[in-house]
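Heads up, the thing below is written out as structure tokens.
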Amino acid sequence: MSLRTQLFDYHEKTSNLVDFAGFRMPLWYEGIVPECLAVRNNVGMFDISHMGRVFVSGLDAEKYLNHLGTNNVAALKPNHAQYTLICNNEGGIKDDLVILKLDGKEYLVICNAGNRQKDYAWLQENSKNYDVKLSNVSDEVAMISVQGPKAISTIQKLAEIDLSTMIRFDCKYARVKGQECILSRTGYTGEDGLEICVLNVSLSDPSRALNLWNDILDAGKESGIKPCGLGSRDVLRLEAGMSLYGNDITESTNPLEARLDFVVKFEKGDFIGKESILRKKDEGIKRRRVGLRITGQGIPRSQCNILRDGKVIGATTSGTYSPILNGGIAMGYVPTEYSNLREKINIEVHRKLLEAEVVGFPFYNPKLYGFKREQ
Amino acid sequence: MKTEYDIPEGLYYTKEHEWLKVENGKCRMGITDYAQKALHEVVFVDLPKRGTKVSRMEPLGTVESVKAVSDYFAPISGEIIEVNDVLSSKPDLVNKNPYEDGWIAIIKPASLEAEAKELMNSIKYSELLKSITKK
């Protein structure tokens, strides 16, 4: 039996469904390509209620989260969020998270849907020596992500705060169409946007989440808003060069080879996995996560061999067709000596060798697309 | 969502969802309406090469959507004498018009009469689709 989110009734009537991380979720409504383009050119909205959410409070909350994660929670200002990793003792990535620091000493930890149980067990297991209170609200909070260059203007019509006061990664308690929410200026598409936690909405009485979903659809109508499924979500995050947990990063990936060093703060003090990661750093990072762009025709997929001079040197971990680039893109791991930009490699797809080259992230031109766009 | 599938009369069909149309002894082929709807949003068609000799039900290439990739097969044995190059720049023709502008290749058949018996007509193919979509 698949799990459902608070917004399932809407998805069931309007989308093609897919099983993902134990949930019955929308794969696409109108189609993956038009949904991707809505987010890149206007605005799109996603149900991300399947993700996990845990409130962490108490005197030791900061110290505790700093011990668990690789990024520096002590550097986090109130009403601001950060991307971080939690690692196992061997330095492998257990999950990637966003931690919101709310008013006072309260934090909201947001984790991947597939890691809900695993992460909560890990949070509990490591909480014993700290004065912290954990509250798993995954099933009592719905979550809607609104993304694209017109996302902020769309939500501004409904939000009871001035959104221009929020910079990227800011977060805040606020009412949206009268409903109590936590907003964060974050996302998984590379675009500007907001992730909206709708508080206190149970699965048995989801009407307030459904109402807000429909209110946002109405507010975005003149901007061409589209409901978007997991199909477009996967393409958009890959175009932005963002890792998907379970595919691009796993418990056997270390943060440095995954090129996530920007959230690993060795100088902040001890954290779980630090010694192992440092040891790997000293030994030298043998392989790296790279972006791969198909230079000819064809679409790479995940788990395809990467070859150099006919020899297998690695494998892709994600691959798709990019509508804005009109071509195939992939992510994968190659030995460090082949990880430089413009390195030519081959990807074996469906018995054929495609020509590709190593490129940087994001895959698109950041002057034309994404939150740094110049227009 | 109940979906209806277009199954024109007068064409031959395979169980792998290719269609075949006999035109003056030559055979035009493509994928069926059911196949294009199952794939949705075709973004790439890997075309066979002209002059290639093929055997019946040999994979000819792939049709790919954003999420999925599917092989397509030669409905009959023979030689590829023409391919629809337009699909290189407009792969979505397979979605828009799978039986006309979205055709994939023309095969000069080696033994059409014998092999045609192995193919389905529109009535048999529609029965196959009913049995598949009932599940």
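Quick look at the values:
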| item | result |
| --- | --- |
| Number of positions in the range A:323-349 that are closer than 19 Å to A:ILE299 by Cα, surrounded by fewer than 18 Cβ atoms within 10 Å (Cβ to Cβ) and either out of contact with any Asp or Glu (no Cβ under 9 Å at 6 or more places or on another chain) or within 14 Å of chain B (Cβ to nearest Cβ) (or both) | 3 |
| Boolean, A:LEU203 is assigned by TED's automatic domain parsing to the domain that holds A:GLU30, on the phi < 0 side of the Ramachandran plot, within 18 Å of the chain's Cα centre (by Cα) and of a type in the set (A, V, I, L, M) | no |
| Total residues in the range B:53-68, condition over 14 Å from the mean Cα position of the chain (by Cα) and within 14 Å of chain A (Cβ to nearest Cβ) | 4 |
| Condition broken by B:GLU16, with the remaining ones in (1) without any contact (Cβ under 8 Å) to a residue 60 or more places away in the chain; (2) of a type in the set (D, E, K, R); (3) outside any loop (DSSP other than H, G, I, E, B) satisfied | (3) |
| Members of the range A:113-152 that are over 16 Å from the mean Cα position of the chain (by Cα) and part of a strand (DSSP E or B) | A:LYS133, A:LEU134, A:SER135, A:ASN136, A:ALA142 |
| All positions within the range B:84-93 that are in contact with a helix residue (DSSP H, G or I) (Cβ under 7 Å, 6 or more places away or on another chain), away from every other protein chain (no Cβ under 14 Å) and surrounded by 15 or more Cβ atoms within 10 Å (Cβ to Cβ) | B:LEU93 |
| Yes/no for A:ILE86 being in contact with a strand residue (DSSP E or B) (Cβ under 6 Å, 6 or more places away or on another chain), β-branched (Val, Ile, Thr), buried (at least 17 other Cβ atoms within 10 Å of the Cβ) and over 18 Å from A:GLU195 (Cβ atoms) | yes |
| Residue that is among the hydrophobic types (A, V, I, L, M, F, W, C), modelled with pLDDT of 95 or more and assigned by TED's automatic domain parsing to the domain that holds A:ALA113, where the choices are A:LEU37, A:LEU59, A:LEU27 | A:LEU59 |
| Those residues of the range B:49-73 which are assigned to a loop (DSSP other than H, G, I, E, B) and more than 14 Å from A:HIS350 (Cβ to Cβ), in sequence order | B:LYS49, B:ARG50, B:GLY51, B:THR52, B:SER55, B:ARG56, B:MET57, B:GLU58, B:VAL66, B:LYS67 |
| Which listed residue, of B:ILE80, B:ILE76, is at pLDDT 95 or above, assigned to a loop (DSSP other than H, G, I, E, B) and aliphatic (A, V, I, L, M) | B:ILE76 |
| Residue count, the range A:277-303 (criterion: within 14 Å of chain B (Cβ to nearest Cβ), surrounded by 21 or more Cβ atoms within 10 Å (Cβ to Cβ) and either within 19 Å of A:PRO335 (Cα to Cα) or modelled with pLDDT of 95 or more (or both)) | 3 |
| Any chance A:PHE20 is surrounded by fewer than 21 Cβ atoms within 10 Å (Cβ to Cβ), within 14 Å of chain B (Cβ to nearest Cβ), among the aromatic types (Phe, Trp, Tyr) and over 29 Å from A:GLU222 (Cα atoms) | yes |
| Residue in the range A:98-112 that is of a type outside the set (S, T, N, Q) and part of a helix (DSSP H, G or I) present | no |
| Qualifying residue in the range A:91-105 (condition: of a type in the set (Asp, Glu) and buried (at least 19 other Cβ atoms within 10 Å of the Cβ)) | yes |
| Given (1) crowded, with 17+ Cβ neighbours inside 10 Å; (2) over 19 Å from the mean Cα position of the chain (by Cα), number of the condition A:ASP47 does not satisfy | (2) |
| Single residue of the range B:45-70 satisfying the filter (surrounded by 14 or more Cβ atoms within 10 Å (Cβ to Cβ) and charged (D, E, K, R)) that is nearest to A:LEU27 (Cα to Cα) | B:LYS67 |
| Test result for B:ILE81, away from chain A (no Cβ under 14 Å), in contact with a strand residue (DSSP E or B) (Cβ under 7 Å, 6 or more places away or on another chain) and crowded, with 21+ Cβ neighbours inside 10 Å | no |
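Quick grid of which residues meet (1) within 14 Å of chain B (Cβ to nearest Cβ); (2) touching an Asp or Glu at 6+ places or on another chain (Cβ under 8 Å); (3) not in a helix (DSSP H, G or I):
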residue: A:PRO34; (1), (2), (3): yes, no, no
residue: A:VAL56; (1), (2), (3): no, yes, yes
residue: A:ASN66; (1), (2), (3): no, no, no
residue: A:GLN82; (1), (2), (3): no, no, yes
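Residues checked against (1) within 14 Å of chain A (Cβ to nearest Cβ); (2) polar (S, T, N, Q):
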site	(1), (2)
B:LYS26	no, no
B:GLY30	no, no
B:LYS37	yes, no
B:GLY51	no, no
B:SER70	yes, yes
B:PRO98	no, no
B:GLU115	no, no
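The values are calculated or read from the model by the stated rules, or taken from the named source; none is laboratory data. Because the structure is predicted, anything quoted here is derived from the model rather than measured. Reconstructed Cβ throughout: ideal geometry from the backbone, glycine too, with neighbour counts over all protein chains shown.
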